[in-house]
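Below: the structure, in structure tokens.
Values in this text are rule-based calculations from the coordinates and carry no lab data. Just so you know, these numbers come straight off a predicted model, no measurement behind them. With ideal geometry, Cβ positions are generated from the backbone for all residues, glycine too; neighbour counts draw on all protein chains shown.
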Amino acid sequence: MKTGFPKPYSTPKEIVQLLKSRGMHFCDEGKAESYMMNIGYHRLSAYIFPFYKSPKSDLALKGGTTFEQVMTLYRFDKKLRIVLFNEIEKIEVAIRSVLANMGCQELNDKYWITKAEYFANGEKFNQTLAVIEKELASSKEEYIENFRHNYIEDYPPAWMITEVLSFGNLNYIYSNIASNRLRKLIADYFGLKPQVFTSWLTVLANLRNMCCHHARVWNRDFMLNPAEPRKASKVWIDTSKLDKKKVFYRLCIIRYFLSAVSPSNNFNAKIADLLSKFPPIDIVAMGFCKDWQNESLWQ
């Protein structure tokens, strides 16, 4: 049975005093109050939670916990999201291009994305087409407006359409392609089977959205459970002892994709450098395996 939300609003100053009563130390309470105003206690509370003693429900902080420790964790997570977003962008751009290119080549039709005959499920196709029409109608991109004003076709070619769709829409299109051969060709380009490719696109789209919306990722238990490649054509990692719901597994997925998209990438160095700048970070809470840098995937 639902009840009314019982917690009253507390000012930043009241929050700082509350945290002091729980055992947190502050070097500058005024500065901490400013952070509470500009970032919000609700957001920061996720970074305070790891510092509570067990049982967490007692809300007693571990001895020596400082507000600066909380802010260090917050800053690390922010920098991690920036790194992840930049790398996922490379993958997303490649998927847009590969989907359009391979579809045009295999089907010999530059308008294939907007034709029902190339898709397995008519209802899914109609939903996708409605999204395409909405995106095209609202797009202010010069190349879309140029096409609209100068050509008689109802829809632009595939390589234009993929540029105005979301990551999730691309996956929706891919999973509905009727041609098994085309789906295999696209997935194989990235060294994956179609089922794993679809799963990993969903996982990366979810992670990308979290990064865009500034959500905590460093120690999160992600809801999506990625499919596991049985026979990876590129270097993979022994995941038998990894928690697939942690961020490290997603770092491995990104690293794997980059081996196809950007073979000379330095993602491993970026992650190692970030961790070196934040030595207090508990990488076990992130799902990292022991000696992760010695794994072939990360060399």
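For a protection proxy built on the mean count of beta-carbon atoms within 10 angstrom, sort 144-157, 107-120 highest first, please. Intermediate results must be reported in sequence, preceding the final value.
Values: 144-157: 12.9, 107-120: 16.6.
Final packing ranking: 107-120, 144-157.
Taking +1 at the Cβ of each Lys and Arg and -1 at the Cβ of each Asp and Glu, which of F51, I82, S10 sits farthest along the dipole of the chain towards its positive end, judged by Cα position relative to the Cα centre?
F51
State the answer as a single residue: which of F248, T66, P157 lies farthest towards the positive end of the charge dipole of the chain, with beta carbon charges of +1 for Lys and Arg and -1 for Asp and Glu, about the Cα centre.
Of the options given, the answer is T66.
Mind giving me the FRET efficiency for R75 and K2? R0 is 30 Å, r the Cβ-Cβ distance, nearest 0.05 is fine. Don't skip to the answer; put the middle values down first.
On the way: r = 37 Å, r/R0 = 1.25.
So the FRET efficiency works out to roughly 0.20.
Would you grab the residues whose amide H sits under 5 Å from the one on T66? Only those 5+ places off in sequence or on another chain, please, with H modelled 1.01 Å from N.
Amide H neighbours of T66, under 5 Å, 5+ apart: H25.
With n ≥ 4 as the cut-off for DSSP H runs, can you work out [θ] at 222 nm for the chain, using -39500 (n - 2.57) per run divided by the number of residues, rounded to the nearest 500?
Working: 12 runs with 166 residues, N = 299.
Counting only the DSSP helices, I get -18000 deg cm²/dmol.
Pop the C-beta distance of K245 and S97 into the FRET formula with R0 = 25 Å and round what comes out to the nearest 0.05. Walk me through the intermediate numbers first.
Numbers: r = 30 Å, r/R0 = 1.22.
E(calc), rounded to 0.05, equals 0.25.
Kindly rank 177-183, 205-211 from highest to lowest mean number of other beta carbons found within 10 Å of each residue.
Working: 177-183: 16.1, 205-211: 19.1.
The peptides rank, most packed first, as 205-211, 177-183.
Check segment 145-299 and count each lysine pair with an alpha-carbon distance under 13 angstrom, considering only pairs eight or more places apart or from different chains. Write out the running numbers ahead of the final one.
Working: K184/K193; K193/K231; K193/K234; K241/K290.
Within segment 145-299, the lysine pair count is 4.
Highest mean first, what order results for 168-175, 216-223 on Cβ atoms within 10 Å?
Values: 168-175: 19.2, 216-223: 16.8.
Answer by packing, highest mean first, reads 168-175, 216-223.
Which of the helices in the chain meet the span-like rule: DSSP H, Cα axial reach of 20 Å or more, Kyte-Doolittle mean at least 0.0? List each step's numbers first, then the result.
On the way: long enough: 67-107 (59 Å, 0.21); 122-138 (24 Å, -0.26); 194-212 (27 Å, 0.61); 247-261 (21 Å, 1.50).
Qualifying helices, which must be both long enough and hydrophobic enough, are 67-107, 194-212, 247-261.
Evaluate E = 1/(1 + (r/R0)^6) for K115 and K277, where r is the Cβ-Cβ distance and R0 equals 45 Å; express this FRET efficiency to the nearest 0.05. Provide the component values of the computation, followed by the final result.
Details: r = 50 Å, r/R0 = 1.12.
E between K115 and K277, to the nearest 0.05, is 0.35.
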